[in-house]
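Before any comments, here is the structure.
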Amino acid sequence: MAILIKGGRVIDPGRVNGPADVLIEQGRIVSVGQNLVSSRGRGAAHPTIIDAAGKVVLPGFVDLHAHLREPGFEYKETIQTGTAAAVAGGFTSVCCMPNTNPVNDNQSVTEFILERARNAGNAHVFPVGAITKGSEGNELAEIGELRKAGCVAISDDGRPVINSLVMRRAMEYALVFDLPVIDHCEDLHLAEGGCMHEGIVSTQLGLPGIPAAAEEVMVARNLSLAHLTGARLHLAHLSTAGSVRMVREAKSRGIGVTAEVCPHHFSLTEDAVRGYNTLAKMNPPLRTWEDIQAIKEGLSDGTIDAIATDHAPHAVQDKQQEFAEAPFGVVGLETALPLTLTLVDEGVLSLEAAVAKLSTEPARVFRLNKGTLAPGADADVVVVDLEAYWEVDPTRLRSRSRNTPFAGWKVKGRVTTTLVGGRVVYEAV
Amino acid sequence: MSLKQKDLVSIESLSADELRLILETADSFKEVSGREIKKVPALRGKTVVNLFLEPSTRTRTSFELAAKRLSADVITFSPSSSSIVKGETLLDTARNIEAMQADIIVLRHPAAGAAETLARGLKSSVVNAGDGWHEHPTQALVDLFTLREKHLDFPGLRVAIVGDIAHSRVARSNIYALTKLGAEVRAVGPPTMIPSALDRLGVRVYHKLDEGLRGANVIMMLRLQLERQGKALFPTIREYSQFYGLTPERLKLAEPGVWVMHPGPINRGVEIAPEVVDSFSSVILDQAANGIAVRMAVLYLLSGANT
């Protein structure tokens, strides 16, 4: 079955940026160019045409950081609903964090996740395995087997490895399997009891704060350990100016570090918490205007490699609690694209660079064979109407959860069609 | 004139005029407590529910007496009697109470923001009787009332608030109240007890008690939460008392005629020396006495706003 995406502007970062058609056969990209016709010639079935006139055609996005909640928290999200949300937001590949129940610290959990993902038939799912057994921070998980079963990185996300010796050993051991080691940088002692950024707003609301230093001391530790071990270190959801500065400096010294930021961290400040808004409660917390500026500079100069969602679904009743009790997290798969496109409007990133931060770059960070429209690649493609305005309506999200702080925002840029492996998995209604 | 909101959740959200209105209304209720029959019919037929989900003696008693002296029907839930809250969200509990036609709900809750959440979700008026470290608006109103009774003018008045500001809802409410009325507020305590960016609320921060006291017209001592020892906020009660305890000698650093306040309960000999508690400068018992009149004023003004 052939598909021809006609008449759009193709942006395949570093390769193509201009008017072109995309021809897909047997689930793969055959060619990208002007006025394409199906290569099968006479007698072959006519290709299905997807009209992309006035739209951009991009490699499917790759999310380095999502919580699909299955197994264990299916009332918040399942692999089925999470990947449905992903493709609606243009993400054709999703790396899912291991803080499920049970924790993804062994191959049977990894295999279960992959099987669920295959059955769901939406986005590709790349599990991230745990660093330590049960993510308890003590003994290493069976990292080699996790790799063999299909994990693409390791992380104790949400329960960061506090013991620096264990972290060092994990980094060393992961080298054997060429796995990136991800850290959610948070000194749990410094952050103890905190539920929002420590600053003027936490002072006014009387809420315990999480200082920027809680992130930064762990960024510093991890960079030192990466230098010591030569590991592939990936820093998740950086939120502070100090973190960006340290990563920039480390990269200039040749340390093998990559980093991601999340759309909420460059779109909102601590002020969003006022009124004890639990929808604006996430970890790391929303910081300050200065931090947002630093994140934008980091994206612009390449210090920050990728934009990831940290999609963290929570049910209504989870969030309808006192602020200090409510869980951290926001859904993000369906709002990441328009929020990222605001960076283009502001001149922080070119359109091509913005697309790269969502596709080519994250694929490179985890060395996934994704995020490109090169001939022979899996036909993971997203068609986007850059001019379409829409209002974020939580009731219309594909995710099982609705915990977004962006409800009611008028945003620009909408996914119209998503293909995974040459199959249309999402079409805007 | 009346209050703009149906609730009293914070001092932060009140205007200076609203503060003055509450204080002036309290003046007229103060007289009631001196009568032989301490009752007026202002809230007859109204129901006030005290929902106290954290231990409290004086605030709870004070609200209860205030409501009774206004002739309201009063019910009080305290932690021991509130099996109703088990497994139920605060909002659901409150909605059930509201369904029984409560006009005013007075809430004391350990979580910052609890009163605000309730106020948003209910049609009844909500009075914040203390929410976590956030605010304790009626305590600040009592403190203002007490100072006013001593014929102090707020503009230019130098008030030193001493102790664990970071974990004090009384301090936050007083900082807003005093700065709104033009007083000069100082926060005095070790950096471990001063919250982040406090100066942005218009407060001058002092880490040395002697410097903070110099020239002060009013000293508000905060209760040291003894259970916080071990949280690395201060080494020992003994050392805290040595560096941050208000003694008769230190009192001399303040302006002559200085008034000493404390929201209670007092740790005698810890944050404040017994001689100071019992001295002529102390208005601590006035604070307790004025609690009823001020809370009567708040209940009265809110019940009017609600009809």
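The values are calculated or read from the model by the stated rules, or taken from the named source; none is laboratory data. Remember, predicted model here, so these are calculated numbers, not experimental data. With ideal geometry, Cβ positions are generated from the backbone for all residues, glycine too; neighbour counts draw on all protein chains shown. SASA here: full protein model, heavy atoms, side chains in, ligands and nucleic acids out. Shrake-Rupley method; radii C 1.70, N 1.55, O 1.52, S 1.80 Å.
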Discussion item. For region A:253-279, give me each residue that is in a helix (DSSP H, G or I) and within 18 Å of the chain's Cα centre (by Cα).
Written reply: A:PRO263, A:HIS264, A:HIS265, A:PHE266, A:SER267
Practice prompt. Examine region A:351-359 for a residue that is assigned to a strand (DSSP E or B), small (Gly, Ala, Ser) and touching a helix residue (DSSP H, G or I) at 6+ places or on another chain (Cβ under 8 Å), and state whether such a residue exists.
Written response: no
Discussion item. Against the definition (surrounded by fewer than 18 Cβ atoms within 10 Å (Cβ to Cβ) and closer than 28 Å to A:ARG116 by Cα), how does A:GLU172 come out, yes or no?
Written reply: no
Fill in: Subset of region A:334-353 [in contact with a strand residue (DSSP E or B) (Cβ under 8 Å, 6 or more places away or on another chain) and open to solvent by less than 40 Å² (accessible area, probe 1.4 Å)]
A:THR335, A:ALA336, A:LEU337, A:PRO338, A:LEU339, A:THR340, A:LEU341, A:LEU351
Discussion item. Suppose the filter is open to solvent by 20 Å² or more (accessible area, probe 1.4 Å), over 21 Å from the mean Cα position of the chain (by Cα) and at pLDDT 95 or above; does B:ASP73 pass it?
Written reply: yes
Worksheet entry | Among the candidates A:GLU260, A:GLU249, residue that is touching an Asp or Glu at 6+ places or on another chain (Cβ under 8 Å) and of a type in the set (Asp, Glu) | A:GLU260
Item to complete: Kindly check whether there is at least one residue in region A:363-385 that is more than 19 Å from A:ASP305 (Cβ to Cβ), out of contact with any helix residue (DSSP H, G or I) (no Cβ under 6 Å at 6 or more places or on another chain), at pLDDT 95 or above and of a type in the set (Ser, Thr, Tyr).
Response: no
Practice prompt. With respect to A:GLU322, determine if the residue is assigned by TED's automatic domain parsing to the domain that holds A:ARG423, outside any helix (DSSP H, G or I), open to solvent by 10 Å² or more (accessible area, probe 1.4 Å) and more than 25 Å from A:ILE29 (Cβ to Cβ).
Written response: no
Discussion item. Criterion first (in a loop (DSSP other than H, G, I, E, B), within 14 Å of chain B (Cβ to nearest Cβ) and surrounded by 24 or more Cβ atoms within 10 Å (Cβ to Cβ)) does A:PRO285 satisfy it?
Written reply: yes
Discussion item. Condition check: out of contact with any strand residue (DSSP E or B) (no Cβ under 9 Å at 6 or more places or on another chain) and buried (at least 22 other Cβ atoms within 10 Å of the Cβ). Does B:ASP153 satisfy that?
Written reply: no
Worksheet item: How many of the residues in region B:158-182 are open to solvent by less than 10 Å² (accessible area, probe 1.4 Å), more than 28 Å from B:THR76 (Cβ to Cβ) and away from every other protein chain (no Cβ under 13 Å)?
Response: 6
Practice prompt. Among the residues of region A:354-400, count how many are polar (S, T, N, Q), within 18 Å of the chain's Cα centre (by Cα) and over 22 Å from A:SER300 (Cα atoms).
Written response: 2
Fill in: Any chance B:LEU253 is at pLDDT 95 or above and over 21 Å from B:THR25 (Cα atoms)
yes
Worksheet item: Exactly one of (1) surrounded by fewer than 24 Cβ atoms within 10 Å (Cβ to Cβ); (2) within 8 Å of chain A (Cβ to nearest Cβ); (3) not in a loop (DSSP other than H, G, I, E, B) is unmet by B:ALA111. Its number?
Response: (3)
Worksheet item: Between residues in region A:94-106 that are free of Cβ contacts under 8 Å to residues at least 60 places away in the same chain and surrounded by fewer than 24 Cβ atoms within 10 Å (Cβ to Cβ) and residues that are among the hydrophobic types (A, V, I, L, M, F, W, C) and assigned to a loop (DSSP other than H, G, I, E, B), which pairs lie under 6 Å by C-beta distance while being six or more apart or on different chains?
Response: A:VAL103/A:ALA130
Practice prompt. Have a look at B:LEU152, B:LEU141 and point out the one that is touching a residue at least 40 places away in the same chain (Cβ under 8 Å), assigned to a loop (DSSP other than H, G, I, E, B) and on the phi < 0 side of the Ramachandran plot.
Written response: B:LEU152
Practice prompt. Could you please find all residues in region A:198-221 being at the interface with chain B (Cβ under 9 Å from one of its Cβ atoms) and either open to solvent by less than 40 Å² (accessible area, probe 1.4 Å) or not in a loop (DSSP other than H, G, I, E, B) (or both)?
Written response: A:GLY199, A:ILE200, A:VAL201, A:SER202, A:THR203, A:GLN204, A:LEU205, A:GLY206, A:LEU207, A:PRO208, A:GLY209, A:PRO211
Practice prompt. Mind listing whichever residues of region B:1-15 are part of a loop (DSSP other than H, G, I, E, B) and surrounded by 15 or more Cβ atoms within 10 Å (Cβ to Cβ)?
Written response: B:LEU3, B:GLN5, B:LYS6, B:ASP7, B:VAL9, B:SER10, B:ILE11, B:GLU12, B:SER13, B:LEU14
Practice prompt. Identify, by number, the condition in (1) modelled with pLDDT of 95 or more; (2) touching a Pro at 6+ places or on another chain (Cβ under 8 Å) that B:PRO79 doesn't meet.
Written response: (1)
Discussion item. Out of everything in region B:16-40 that is small (Gly, Ala, Ser) and open to solvent by 40 Å² or more (accessible area, probe 1.4 Å), what residue ends up being farthest from B:HIS134 (Cα to Cα)?
Written reply: B:GLY34
Worksheet, complete the sentence: region B:188-307: helices (runs of 4 or more DSSP H) wholly inside it with 3 or more residues that are open to solvent by less than 20 Å² (accessible area, probe 1.4 Å) are B:209-213, B:284-306
Item to complete: Select from region B:48-61 the residues that are open to solvent by less than 30 Å² (accessible area, probe 1.4 Å) and not in a loop (DSSP other than H, G, I, E, B) and write down the one among them that is farthest from B:VAL126 (Cα to Cα).
Response: B:THR59
Practice prompt. Could you list, in sequence order, all residues of region A:379-404 that are open to solvent by 50 Å² or more (accessible area, probe 1.4 Å) and within 15 Å of A:ALA86 (Cβ to Cβ)?
Written response: A:ARG398, A:ARG400
Item to complete: Name the residue, out of B:GLU64, B:GLU88, that is open to solvent by 40 Å² or more (accessible area, probe 1.4 Å), within 14 Å of another protein chain (Cβ to nearest Cβ) and not polar (S, T, N, Q).
Response: B:GLU88
Discussion item. Could you check region B:114-135 and list, in sequence order, the residues that are more than 10 Å from chain A (Cβ to nearest Cβ), outside any helix (DSSP H, G or I) and of a type outside the set (D, E, K, R)?
Written reply: B:LEU122, B:SER124, B:SER125, B:VAL126, B:VAL127, B:ASN128, B:ALA129, B:GLY130
Response to the item:
The condition of being hydrophobic (A, V, I, L, M, F, W, C), open to solvent by 10 Å² or more (accessible area, probe 1.4 Å) and away from chain B (no Cβ under 14 Å) holds, among A:LEU225, A:LEU233, A:LEU179, only for A:LEU225
